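These notes concern the structure reproduced below.
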Amino acid sequence: MKILWTFDPFEKNKELHEFGKNLLVNLFTKKDSMQAVYVASNAEAELATAFNIPVKKRYTSYPKNLIKDELNEMDLKNVKVEVLLEESLSLTSVVKKIINYTKEKKIDLILIATNSKKVLPKMVLGSFAETLVHMSVCDLLIFHQLTKFALKTPQNLLYAHDFSSKGSIGLMRAAEYAKKWNATLTVVYVPIPEVGMELHEFKSSVQKKVEKLEKTMEKEKVKCRVHLEYDIKPINEIILDVAAKTKADIIAVAAQSNKLTALLGGSTTRKILRESLLPTLVLKV
């Protein structure tokens, strides 16, 4: 697996970098390819005002050496460093630079920290993180300074499934991660009856879906359990409640690439990204 860590050498909160290191060390092995990538642009005040450094070095070797020094301090010797140059001041252009790089290098997963603030009652995604999550064509693993993660390989990966075609694609991707970590895959499903459907039809329909899912996971040799939830409350609250009850290590959700509705407008995915205290795996489908 190829992992890209969006590493900001000017991030003041070094605990975020330490947390990113812990995720890399516990989720991936030497067989996985890991690299720290930073986009150097005029939008970064630390670079634009570093007049004591020659321009050629300011946007290339200077940030690259800063990243290397910090990685060495964290004893991460197997992480390659890449600095990309983007002259535009546009945040979207910076994000596109990363997106194009992930396509060119066939990256499987982006590791990214969000700039949520402790003083706010709900988590707020930083503009860079939100834009990257929205535009990315590959999976993302997202964390913030309040994220909690045991320093061990995940034992329980929770996936929110709506049994749509896209949700089923996400399920198979979640199963691949569960196999990689030898973790149990807990599938949360909130059944919603169709208009006019009789109760017995509804129960039968749900049972058939669950049985089909369990057979698929058995065939894939994935340890799986399905959690049905009928409570009448927001789906994101149900997902977070089940994650707590089942002691999940990571929450996985599916989101479409370049679809505004996937992350904006109060969607389940965005709410989970804001409110979850667990690392969130966004599976792009």
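The values are calculated or read from the model by the stated rules, or taken from the named source; none is laboratory data. Note that the coordinates shown come from a computational prediction; the quantities given were computed from them, not determined experimentally. As a convention, Cβ positions derive from the backbone with ideal geometry for all residues, glycine included, and neighbour counts pool all protein chains shown. For accessibility, only protein heavy atoms count, side chains too; no ligands or nucleic acids. Shrake-Rupley method; radii C 1.70, N 1.55, O 1.52, S 1.80 Å.
A few notes on this one:
- Candidates in the range 260-269 are the residues that are outside any loop (DSSP other than H, G, I, E, B) and surrounded by 13 or more Cβ atoms within 10 Å (Cβ to Cβ); of these, the one that is modelled with the lowest pLDDT is LEU263.
- Listed by first and then second residue, the pairs linking a residue in the range 202-215 that is aromatic (Phe, Trp, Tyr) to a residue that is not in a helix (DSSP H, G or I), with Cβ atoms under 6 Å apart and 6 or more places separating them unless they lie on different chains, are PHE202/PRO193.
- Those residues of the range 187-232 which are basic (Lys, Arg) and assigned to a strand (DSSP E or B), in sequence order: ARG225
- Those residues of the range 36-72 which are out of contact with any strand residue (DSSP E or B) (no Cβ under 7 Å at 6 or more places or on another chain), in a loop (DSSP other than H, G, I, E, B) and closer than 13 Å to VAL83 by Cβ, in sequence order: GLU44
- Only one of the numbered conditions (1) open to solvent by 30 Å² or more (accessible area, probe 1.4 Å); (2) assigned to a helix (DSSP H, G or I); (3) modelled with pLDDT under 95 is violated by SER257, and that is (2).
- Single residue of ALA243, ALA178 found to be open to solvent by less than 80 Å² (accessible area, probe 1.4 Å), assigned to a helix (DSSP H, G or I) and in contact with a Lys or Arg (Cβ under 8 Å, 6 or more places away or on another chain): ALA178
- Odd one out for LYS219, checked against (1) open to solvent by 100 Å² or more (accessible area, probe 1.4 Å); (2) in contact (Cβ under 8 Å) with a residue 12 or more places away in the chain; (3) under 20 Å from LEU157 (Cβ atoms): (2)
- Of the listed requirements (1) touching a residue at least 60 places away in the same chain (Cβ under 8 Å); (2) over 22 Å from THR92 (Cβ atoms), VAL37 misses just one: (2).
- Residues (under 25 Å from ALA183 (Cβ atoms) and either in contact with a Leu (Cβ under 6 Å, 6 or more places away or on another chain) or open to solvent by less than 30 Å² (accessible area, probe 1.4 Å) (or both)) located in the range 1-16: ILE3, LEU4, TRP5, THR6, LEU16
- Of residues in the range 24-42 being farther than 16 Å from TYR62 by Cβ and open to solvent by 20 Å² or more (accessible area, probe 1.4 Å), the one modelled with the lowest pLDDT: LYS30
- Scanning the range 110-137 for residues that are part of a loop (DSSP other than H, G, I, E, B) and either modelled with pLDDT of 95 or more or among the aliphatic types (A, V, I, L, M) (or both) returns VAL119, LEU120, MET123, VAL124, LEU125, VAL137.
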